[in-house]
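Engineer: Take this structure, written in structure tokens, and hold onto it; I'll ask about it next.
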Amino acid sequence: MTDNTLLAPETADATVRREDYAPPPFWIDDVALTFDLDPAKTRVLNRMRVRRNPAAPEQPLRLDGEDLNLARVLVNGQGASFKLEDGKLVLSNLPEGQEPFELEIFTTCQPDKNTLLSGLYTSQGTFFTQCEAEGFRRITYFLDRPDVMSVYTVTLRADKAAYPVLLSNGNLIEQGDLEDGRHYAKWHDPFRKPSYLFALVAGKLVARSQKIIARDGKEHLLQIYVRPGDLEKTEHALQSLIAAIAWDETRFGLHLDLERFMIVATSDFNMGAMENKGLNIFNTKFVLASQATATDQDFANVESVVGHEYFHNWTGNRITCRDWFQLSLKEGLTVFRDQEFSMDMAGSDSARAVKRIEDVRLLRTVQFAEDAGPMAHPVRPDSYKEINNFYTVTIYEKGAEVVRMMHTLVGEAGFRKGMDLYFERHDGQAVTCDDFAQAIADANPDSELARLLPQFKRWYSQAGTPRVQATGLYDETAQTWTLRLTQTIPPTPGQADKQPMVIPIKLGLLAPGGQALPLQLQGETEAAALERTLVLTQAEQTFTFVNLAQPPVPSLLRGFSAPVVLDQQLDGTALEVLLEHDSDPFNRWEASQQWAQRILLQTLQADTTDATPVPERFIAALRKVLQDPTLDAAFKNLVLTLPSESYLAEQLECVDPQRIHAIRQNLQAQLAQALQDIWQLIWQEHSDTGAYQPDAFSSGRRALAGKALAMLTLEATRTGDAIWPGKAYQRCKDASNMTDRFNALSALVQARHPLAEQALARFHQMFKGEALVLDKWFQLQATAPDLDGDILPKVRQLMQHPDFTLKNPNRARSLIFGYTNANPAAFHRTDGAGYQFWADQVMALDALNPQVAARLARALDAWRKLAEPYKAHAEAALQRVAAQDKLSKDVREIIEKALA
Ligand code: 0A1
Ligand code: ZN
């Protein structure tokens, strides 16, 4: 048999539109795949049972394919007439009528040449697949779209010594030896699934296995597969999986539907992890965790990502997306579920609030920026050129907020009823965001959601972050307080005019002394409660509260009840009351952030470059928080964390990143100095966290101790005192866990203390063989504060380090993205050299891995808001990338939007 290598012609960068959706002309009911695995040339035999879709107009069968070598096509065992058009395999003269026919396609591909990490590839001698969103077409010709669902039977054949473990979705039904030292395994997945959920893994792996008996009394085998040296780092992932299974049973009545559930870790992965049916494939970053190598944050991330992928089994796999515009149907809902899971795992109310604050911080720093930039898109986009560019914080995090608002509007029990109805109606189907919202509303016919559903769904169709302005007016004679709320939604690309949204605003009112006040609206006969949710639906609305003997302090948008920017001009006194007394921990934290932001923005807007002294009152209020014995350490740590530079940039029309950095650093330094005595006390009380446990409470203590050490090291570096830097250095040497060790190292690096170099060298020496720790080492250096432009040369130098490679996404992200995305003052240089570096790296990465390159390309999204000379340099760098004619469509889409 000869390989008939047919190269796909350059595919046009066509825009895909949601309104063009049409059902597939054919269904593929069964797929039998046989792989002869060889890194240089893998043979794939694909036997499908195909039938016409009676509901679709008659058309030829056009199968997607990419980078495949086609050897043979048979229809019902006979040679078939076919052609290749734009990379697609087009078959005509197919059997007439509704009868299924057998289509057999034989292709080969080259996994070891696959640097895209999409389709079938090798990583450190092991085969992996990544098929979401459109990677399956790189494995075989197929209708590679999520509404085509099939039952898969997969036979893997490979050399037994090199690939002792052969895995695919579902259940292992057969295995055995073949000639020439080869062996095989046959897997059958009883559930119909779209091609993006297909997976295989083959290599030298070991597993941590555990059998569990689920609520239904059935036994399930859970396995975490890793490379041999990593086995002892899998305990936390396994425990997280067990916890996730139990949680989904309790909270949503959803059980594990497979006899076997496997997680496999790979160090070469474009994203976090992938929910392939029964065979999740994970970035090692979200599986491996040990006290010695992982921080508390890493432990928490493992729990949340293991949960996320597991929860996809129902929200994503059992019910999947009709088309990729519906991506948030599975992602927004699954993020909502993993957030709730992490909160429930965290335990106390305070720990729940801490998780909520962290989630909101991410949303506000990253998603709000996306919504305000050239890539702004609705939670359900209308068009795309490259779907991989739409795995965004808008689809994930804003999508989760939309689900959370539904949850708020129908209540916890109502939401559960809605989920039950969603599964009852749509299990086994590929559906839309409309179907989901309809199910939640239909299960709660008397809810505000049901009443407002068409308007509520604007959250799916309108991009941009709504801005809610709140003003309060107290009437002493009438003893009333009138809250006026207005909403505006800024224009976004392709959407000039917006309609008002449904915005749930959870609120409470506080007396000046801090007591919660009963909430009675005009016209109501009695006070309802101390907290309630107003639903804003108009561009402007007023709500009058009665029986108020004094002007109240409003606590609005509690728990961040809607993803909006809230504009309210509270004075220092009101912020102080909220920070000290609000029963809602989120708004307590928010008061500290509002206050800090106000101080920072005032300084930024002042003409002077002098450092304004921080108001005593602010320092005093923070001191009170730090001394409050009733507050958890994790919460204190968040209160003492200033708004990020990128969040501050969001608040400005014209951005000078260096100035923002300088002013924020200055406030930080003042907090270090003015609260030095407290930081010392905190260090004394929190630095010994005892035997290591990654739970929320002990993590919070370590985080606060780390903050104290950072503050003390910063202050000591300024004054020339040697004690605290010495303690930090010591802790780098002998900490008993990575959190404490890394916090100490980071204290030295962030203070740019002379001991940092030595500490970094030691750290590298200690963790030479630990890839994930080396990522931290690279990233920390890329994010160090810039001194006279020294970070860019450092980053260039680190790219020459023997441990650096652009080919590994984690490594590239830690150093390069660390610099371009997490170190604004070092990246935005007045000479534009940071942007030139960025352009070089975007192009270098694009040749290897367009998905990763396109992520990097987004680092200049906000270039139009930059002050000069940054802006001109940024534009030149963007133009230089745009002028390349060999760009991937991934990068091209991002750059074109940025320049549009
Ligand atoms: N569905 C996965 C994310 C994911 C998306 C695309 C990938 O490759 C391009 C890989 C993973 C999740 O939400 O976890
Ligand atoms: Zn997901």
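The values are calculated or read from the model by the stated rules, or taken from the named source; none is laboratory data. Bear in mind the structure is a predicted one, so any value in this text is a computation, not a measurement. So basically every Cβ, Gly included, is an ideal-geometry build from the backbone, and we count neighbours across all protein chains shown.
Engineer: Tell me, which residue of region 512-533 that is of a type in the set (A, V, I, L, M, F, W, C) and closer than 15 Å to residue 482 by Cα is surrounded by the most Cβ atoms within 10 Å (Cβ to Cβ)?
Structural biologist: 519
Engineer: Here is a follow-up. Of the residues 268, 349, 296, 257, which single one is more than 12 Å from ligand 2 (Cβ to nearest atom), at pLDDT below 95 and not assigned by TED's automatic domain parsing to the domain that holds residue 693?
Structural biologist: None of the others qualify; the one that does is 349.
Engineer: Another question, if that's okay. Which of the residues belonging to region 239-253 are in contact with a helix residue (DSSP H, G or I) (Cβ under 9 Å, 6 or more places away or on another chain) and either among the acidic types (Asp, Glu) or over 28 Å from residue 416 (Cβ atoms) (or both)?
Structural biologist: Of everything in region 239-253, just one residue is in contact with a helix residue (DSSP H, G or I) (Cβ under 9 Å, 6 or more places away or on another chain) and either among the acidic types (Asp, Glu) or over 28 Å from residue 416 (Cβ atoms) (or both), namely 248.
Engineer: Restricting to region 265-275, give me the number of residues that are assigned to a strand (DSSP E or B) and touching a Leu at 6+ places or on another chain (Cβ under 7 Å).
Structural biologist: Summing the residues that are assigned to a strand (DSSP E or B) and touching a Leu at 6+ places or on another chain (Cβ under 7 Å) in region 265-275 gives 1.
Engineer: Do we find a residue being at pLDDT below 95 and surrounded by fewer than 21 Cβ atoms within 10 Å (Cβ to Cβ) anywhere in region 190-212?
Structural biologist: no
Engineer: Still on this model: Looking at region 114-142 only, could you name the residues that are closer than 20 Å to residue 263 by Cβ and within 16 Å of ligand 2 (Cβ to nearest atom)?
Structural biologist: 130, 131, 132, 135
Engineer: With (1) more than 14 Å from the chain's Cα centre (by Cα); (2) farther than 26 Å from residue 651 by Cα as the list, and residue 330 as the residue in question, which single condition is left unmet?
Structural biologist: Every listed condition holds for residue 330 apart from (1).
Engineer: Without any contact (Cβ under 8 Å) to a residue 40 or more places away in the chain and buried (at least 18 other Cβ atoms within 10 Å of the Cβ), is that true of residue 792?
Structural biologist: In short, no.
Engineer: Separate question: Scan 97, 65 and give me the residue that is under 29 Å from residue 163 (Cβ atoms) and among the small types (Gly, Ala, Ser).
Structural biologist: The match here is 65.
Engineer: Still on this structure, I have one more. Just to be sure, is residue 354 under 13 Å from the mean Cα position of the chain (by Cα) and more than 16 Å from ligand 1 (Cβ to nearest atom)?
Structural biologist: Judged against the criteria, residue 354 is not a match.
Engineer: Across region 271-293, which residue is farthest from ligand 2 (Cβ to nearest atom) among those that are among the polar types (S, T, N, Q) and more than 23 Å from residue 691 (Cβ to Cβ)?
Structural biologist: Among those residues, the one meeting the criterion is 284.
Per-residue answers, yes or no, for (1) small (Gly, Ala, Ser); (2) more than 30 Å from the chain's Cα centre (by Cα); (3) assigned to a loop (DSSP other than H, G, I, E, B):
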| site | (1), (2), (3) |
| --- | --- |
| 435 | no, no, no |
| 438 | no, no, no |
| 454 | no, no, no |
| 468 | no, no, no |
| 484 | no, yes, no |
| 512 | no, yes, yes |
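Engineer: Only residues in region 507-533 that are in contact (Cβ under 8 Å) with a residue 60 or more places away in the chain count as the first member; pair them with residues that are charged (D, E, K, R) and assigned to a loop (DSSP other than H, G, I, E, B), Cβ under 8 angstrom, at least 6 apart or cross-chain, and list the lot.
Structural biologist: From residues that are in contact (Cβ under 8 Å) with a residue 60 or more places away in the chain, the pairs are 508/531; 508/582; 508/584; 510/582; 516/531.
Engineer: If only one of 333, 327 is over 21 Å from residue 134 (Cα atoms), crowded, with 22+ Cβ neighbours inside 10 Å and either within 13 Å of ligand 1 (Cβ to nearest atom) or modelled with pLDDT under 95 (or both), which one is it?
Structural biologist: Exactly one residue qualifies, and that residue is 333.
Engineer: Would you pick out the residues in region 856-885 that are of a type outside the set (A, V, I, L, M, F, W, C) and in contact with a helix residue (DSSP H, G or I) (Cβ under 8 Å, 6 or more places away or on another chain)?
Structural biologist: 858, 861, 864, 865, 870, 871, 873, 875, 879, 880, 884
Engineer: Does residue 432 satisfy the condition of being polar (S, T, N, Q) and without any contact (Cβ under 8 Å) to a residue 12 or more places away in the chain?
Structural biologist: Criteria not met by residue 432.
Engineer: Do you know which residues across region 276-313 are within 14 Å of ligand 1 (Cβ to nearest atom) and part of a loop (DSSP other than H, G, I, E, B)?
Structural biologist: 276, 277, 287, 312, 313
Engineer: Determine the pairs where a residue that is in the same structural domain as residue 651 (by TED's automatic domain parsing) and within 25 Å of residue 677 (Cα to Cα), located within region 598-624, has a partner that is among the small types (Gly, Ala, Ser) and modelled with pLDDT of 95 or more with Cβ atoms under 8 Å apart, the partner being 6 or more residues away or on another chain.
Structural biologist: That search, which allows pairs on different chains as well, returns 614/674; 618/596; 619/674; 621/592; 622/592.
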